[in-house]
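All remarks here apply to the structure that follows.
The values are calculated or read from the model by the stated rules, or taken from the named source; none is laboratory data. Note that the coordinates shown come from a computational prediction; the quantities given were computed from them, not determined experimentally. Positions of Cβ are generated from backbone atoms using ideal geometry, with glycine treated the same way; all protein chains shown enter the neighbour counts. Just the protein is used for accessible areas: all its heavy atoms, side chains included, with ligands, DNA and RNA removed. Shrake-Rupley method; radii C 1.70, N 1.55, O 1.52, S 1.80 Å.
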Amino acid sequence: MSSTPVLFIAAALLVALGLFHSILGERYIIRRLLRREDLPKLFGGREFTAGTIRFAWHITTLLALGVAAVLVLVAVDAEPRAVVAAIGITCLACAVPPLVFTRGRHLSWVVFLAAGTLCLVASLGA
């Protein structure tokens, strides 16, 4: 039996997991958690703490979607540089939530941006 259908199923499961994780997590966990009055006040206020919690939660979804993309590329026997490009795009996508939710004050976006850019550059030159 070819592993291709299995990889497509695994990718679909990860996409579903990611979407349910973000949608249900936002609705039933994040919103309720952020209503608490006892959140630590980091960097001058609770906004940074709330933003960090929110982006860290949603990065899990972005990473699940990125892994799903890699599985699909492996299933279709894509070139390694396509896999590297998918990882680069995933990293670039992961740079966005910390920029948005903490207004760039959580510096993880710098690392994601650098890693994503390097992956994309490598995918073009490989």
inquiry  = Placing unit charges on C-beta atoms (Lys and Arg positive, Asp and Glu negative, everything else neutral), compute the dipole magnitude of region 32-126 about its Cα centre in debye, rounded to 20.
reply    = 500 debye
key: FRET efficiency, Ile9 to Arg46 (Cβ-Cβ, R0 35 Å, nearest 0.05)   = 0.25
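Could you calculate the contour length gain from Arg103 to His21, that is, 0.36 nm times the residue separation minus the distance between their Cα atoms, to one decimal place in nm?
Fully extending the segment from Arg103 to His21 adds 27.2 nm.
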inquiry  = Is there a quick way to get the dipole size of region 14-86? I mean about its Cα centre, with the Cβ of Lys and Arg at +1 and of Asp and Glu at -1; what is the value in debye to the nearest 20?
reply    = 420 debye
query = Could the peptides 4-12, 84-92 be put in order, highest first, of the mean number of other beta-carbon atoms found within 10 Å of their residues?
reply = 84-92, 4-12
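Quick check: at a probe of 1.4 Å, how many percent of the accessible area of the chain sits on carbon and sulfur atoms? Numbers along the way, then the final one.
On the way: 5690 of 7740 Å².
Carbon-and-sulfur percentage of accessible area, whole number: 73.
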request  = Place +1 on the Cβ of every Lys and Arg and -1 on the Cβ of every Asp and Glu in region 1-97, take the dipole about the Cα centre, and give the residue among Ala68, Gly45, Gly88 whose Cα lies farthest towards its positive end.
outcome  = Gly45
message = Per residue, how large is the accessible surface of region 12-97? Use a 1.4 angstrom probe and give square angstrom.
response = 58 Å²
note = Within the set Leu14, Leu42, Leu73, GNM on the chain using Cα springs under 10 Å gives the largest fluctuation to Leu42
remark   = Length gained, Tyr28-Ala78, 0.36 nm per residue minus C-alpha separation, equals 14.2 nm
ask   = Over the chain, what is the relative contact order in whole percent, taking alpha-carbon pairs under 8 Å and six or more residues apart?
value = 27 percent
note = The answer for Leu39, listing residues at least 5 apart or on another chain whose modeled amide H is closer than 5 Å to its amide H, is none
query = Over all Cα pairs of the chain, how is the pair count split among 10 Å bins, expressed in % and running from 0 up to the last occupied bin?
reply = 14, 34, 31, 16, 6, 0
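Using Cα pairs closer than 8 Å and at least 6 residues apart in sequence, work out the relative contact order for region 17-85, in percent.
Rounded, it is 35 percent for region 17-85.
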